[in-house]
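Before we start, here is the structure in question, set down as structure tokens.
The values are calculated or read from the model by the stated rules, or taken from the named source; none is laboratory data. Just so you know, these numbers come straight off a predicted model, no measurement behind them. Neighbour counts run over all protein chains shown; Cβ positions are idealised from the backbone, glycine included.
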């Protein structure tokens, strides 16, 4: 789906812009692992694999833009249990964003 080093090459911007909504972002909360504060991400079980991959790639690209100091200050992330948040209304989003 995404070529090496060419994040925008295969990107249909209008198609993917439709998934950049709060409705499709994972549910996150603060937590502890030992003495370290972490962010626990609760994945959306109804989100399609393609959208999940796209979101992870966006995170990778964003990380590359951060300074070394900003990276050191970031909290660790853990994947938690699936989110209990209900799936948004289909009329508001294209069907390809959902696991069917």
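Of the residues that sit in the range 8-20 and are in contact with a helix residue (DSSP H, G or I) (Cβ under 8 Å, 6 or more places away or on another chain) and either loosely packed, with under 11 Cβ neighbours inside 10 Å or in a loop (DSSP other than H, G, I, E, B) (or both), which one is modelled with the lowest pLDDT?
Selected residue: 18.
Please specify each residue of the range 25-41 satisfying the condition of being outside any loop (DSSP other than H, G, I, E, B), within 12 Å of the chain's Cα centre (by Cα) and touching a residue at least 40 places away in the same chain (Cβ under 8 Å).
27
Residue 64 is checked against (1) at pLDDT 90 or above; (2) touching a strand residue (DSSP E or B) at 6+ places or on another chain (Cβ under 6 Å) and fails just one. What number does that condition carry?
Failing condition for residue 64: (2).
Consider the range 42-100. How many of its residues are in a helix (DSSP H, G or I), touching a helix residue (DSSP H, G or I) at 6+ places or on another chain (Cβ under 9 Å) and within 14 Å of residue 28 (Cβ to Cβ)?
Counting residues in the range 42-100 that are in a helix (DSSP H, G or I), touching a helix residue (DSSP H, G or I) at 6+ places or on another chain (Cβ under 9 Å) and within 14 Å of residue 28 (Cβ to Cβ) gives 1.
Within the range 78-96, track down each residue that is farther than 12 Å from residue 45 by Cβ and either surrounded by fewer than 10 Cβ atoms within 10 Å (Cβ to Cβ) or at pLDDT below 90 (or both).
88, 89, 90, 91, 92, 93, 94, 95, 96
For residue 26, are the conditions met, namely being under 20 Å from residue 93 (Cα atoms), surrounded by 15 or more Cβ atoms within 10 Å (Cβ to Cβ) and either modelled with pLDDT of 90 or more or out of contact with any strand residue (DSSP E or B) (no Cβ under 9 Å at 6 or more places or on another chain) (or both)?
In short, no.
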